[in-house]
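Visitor: Submitted below is the structure of interest, expressed as structure tokens.
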Amino acid sequence: MPKKKIIRISLIILISTIIYLSIYYFSLYYDNKKEQKLINEYFNTTINDTSYPKVNNDNYIGILEIPAINLRKGFYNIDNKNNNVNKNIQVLKSSSMPDQENSLLAIAAHSGNGRKSFFKNLYKLSINDEIIIYYNNNEYYYKINNIYEENKDGTIEINKDNYSKLVLTTCDQKDKTKQIIIEAFLI
């Protein structure tokens, strides 16, 4: 192949790579800015505000914080179009919010390498790690008491206990036929 043609092809590949990376990092930057804006809006909203919480708006109704893996991510109302693992963390339909007696809040998210893989570091958690849920102007502190795996079949079996519980679930990154379940109790 002539030298000029090799140089031309190399330049095209280089320019394409630069454009792709620029778009990728710009969209990552935009997503992070949007996330921070939504979290700030959540913390600046009060229960006395008549707009709080709307079922079909684009504001978070709560925040999940896991200090051990440096995760702080908002979540939407169960019926919101953005309450979906392909867009965000997802509050599962069977959930009840932490302000209810013996609540069971179950949250799922992806764990791969993509931009929407919010639970990619969930495997790093240990028994006794703390998880915080911010909801209705209150902070709910949970302590992890159980970590286990189940077969991935679209469901998880959660025992209803006589205490408030938080359950996090995601796919196992090593064995795609399994899912990780993390249970935490309200302290």
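Only the coordinates and a few stated rules stand behind these numbers; no lab work does. Please read these numbers as outputs of a predicted model, since none were measured by experiment. Cβ coordinates were reconstructed from backbone atoms using ideal geometry, including for glycine residues, and neighbour counts include every protein chain displayed.
Visitor: Measure nothing fancy, just the Cα-based angle from helix 3-44's long axis to the longest principal axis of the chain, in degrees from 0 to 90, nearest 10.
Guide: Value to nearest ten degrees: 20.
Visitor: Another one. Given the DSSP H assignment, sum -39500 (n - 2.57) over each helix run of at least 4 residues in the chain and divide by its residue total; what's the result at 222 nm in deg cm²/dmol, nearest 500? Before the final figure, lay out each step's value.
Guide: Values: 1 runs with 42 residues, N = 187.
Estimated from H runs of four or more residues: -8500 deg cm²/dmol.
Visitor: To continue, here is another question. Can you tell me how much longer the chain between ASN137 and LYS33 gets when fully stretched, taken as 0.36 nm per residue apart minus their C-alpha distance, in nm with one decimal? Present the calculation step by step, with values, prior to reporting the outcome.
Guide: Working: separation 104, 0.36 × 104 = 37.44 nm, distance 2.26 nm.
35.2 nm is the gain from fully extending ASN137 to LYS33.
Visitor: Additional query: Let me check against my output: what whole-number percent is the relative contact order of the chain, with C-alpha pairs under 8 Å and at least 6 apart?
Guide: Details: 330 pairs, mean separation 29.7, N = 187.
Rounded, it is 16 percent for the chain.
Visitor: Additional query: Taking Cα centroids, how far is the stretch 19-42 from the stretch 70-91 in Å?
Guide: Cα centres, the stretch 19-42 to the stretch 70-91: 16 Å.
Visitor: Greater than 29 Å separation of Cα atoms is the criterion. Which listed pairs, LYS81/LYS152; LYS93/LYS174; LYS37/LYS152; LYS33/LYS165; LYS37/LYS176; LYS37/LYS160, meet it?
Guide: Numbers: LYS81/LYS152 24 Å; LYS93/LYS174 27 Å; LYS37/LYS152 34 Å; LYS33/LYS165 31 Å; LYS37/LYS176 34 Å; LYS37/LYS160 35 Å.
Long pairs (Cα-Cα over 29 Å): LYS37/LYS152; LYS33/LYS165; LYS37/LYS176; LYS37/LYS160.
Visitor: Comparing LYS87, LYS143, LYS174, which has the greatest mean-square fluctuation in the GNM of the chain with Cα pairs linked when under 10 Å apart?
Guide: The residue that fluctuates most here is LYS174.
Visitor: Please report the net charge: other residues with Cβ closer than 13 Å to the Cβ of ASN159, K and R +1, D and E -1. The partial results should precede the final answer.
Guide: Values: positive: LYS160, LYS165; negative: GLU150, GLU157, ASP161, GLU183.
Local charge sum for ASN159: -2.
Visitor: If you put +1 on each Lys and Arg Cβ and -1 on each Asp and Glu Cβ, how big is the dipole of the chain around its Cα centre, in Debye rounded to 20?
Guide: Numbers: 24 positive and 20 negative charges, 328 e Å.
Result for the chain is approximately 1580 debye, rounded to the nearest 20.
Visitor: Continuing with this model, one more query. Taking θ as phi - 60°, what are the ³J(HN,Hα) couplings along the stretch 175-187 by the Karplus curve (6.51, -1.76, 1.60), each to the nearest whole Hz, with x for Gly and Pro?
Guide: 10, 5, 8, 10, 10, 8, 10, 10, 10, 9, 10, 6, 10
Visitor: Using a Förster distance of 30 angstrom, determine the FRET efficiency expected from the C-beta separation of SER22 and ASP172, and round it to 0.05. Kindly include the intermediate steps, with their values, before the conclusion.
Guide: Numbers: r = 34 Å, r/R0 = 1.12.
Once rounded, the FRET efficiency stands at 0.35.
Visitor: Now for a separate question. Most mobile of TYR30, TYR135, TYR76 per a Gaussian network model of the chain (Cα springs, under 10 Å)?
Guide: Its mean-square fluctuation being the largest, the pick is TYR30.
Visitor: Among (1) 1.26; (2) 1.48; (3) 1.32, find the value of Cα Rg over 2.2 N^0.38 Å that was calculated from the structure presented, and write down its label.
Guide: Matching entry in (1) 1.26; (2) 1.48; (3) 1.32: (1).
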